[in-house]
Amino acid sequence: MPETRCEGCTKSLDPITLAQCGNGPKVCLPCVKARARSAQDHRCHCGSQRRENPEMHRIGSRTWHTCLRCLGTARQLS
């Protein structure tokens, strides 16, 4: 059976965490906590654990990069 990795931090998931994920995103508890925190103010608070998405997002004149771990805004470009 192939090893399942967390979608946020790419660490391997244990069978208990994997069973709790069900059909939803496969993320570990620290990444769930990071996503809940970034849902409050839409900013990344991951610090050294930040995994910046190389794709640039754009709405109107605003452009930014997101964090793959917490899905918050990692860097505002304009």
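Build a GNM of the chain with springs between Cα atoms under 10 Å apart, and of 31, 21, 46 the one that fluctuates most is 21. Per-residue 3J(HN,Hα) values for the stretch 64-78, derived from phi via the Karplus relation 6.51 cos²θ - 1.76 cosθ + 1.60 with θ = phi - 60°, read 7, 10, 10, 9, 6, 6, 10, 6, x, 6, 8, 8, 8, 9, 7 Hz in sequence order (x marks Gly and Pro). Residues whose amide H comes within less than 5 Å of that of residue 75, counting only those at least five positions distant or on another chain, are 65 (H built at 1.01 Å from N in the peptide plane).
Between residue 17 and residue 55, the modelled label-to-label distance comes to 2.4 nm, taking each label 7 Å out from Cα in the direction of the beta carbon.
Please work out the ratio of the alpha-carbon Rg of the stretch 15-76 to 2.2 N^0.38 Å and round it to two decimals.
1.24
All of the numbers you see were taken from the coordinates with simple rules; none came from a lab. Note that the coordinates shown come from a computational prediction; the quantities given were computed from them, not determined experimentally. Ideal geometry is used to build each Cβ from the backbone, glycine not excepted, and the neighbour counts take in all protein chains shown.
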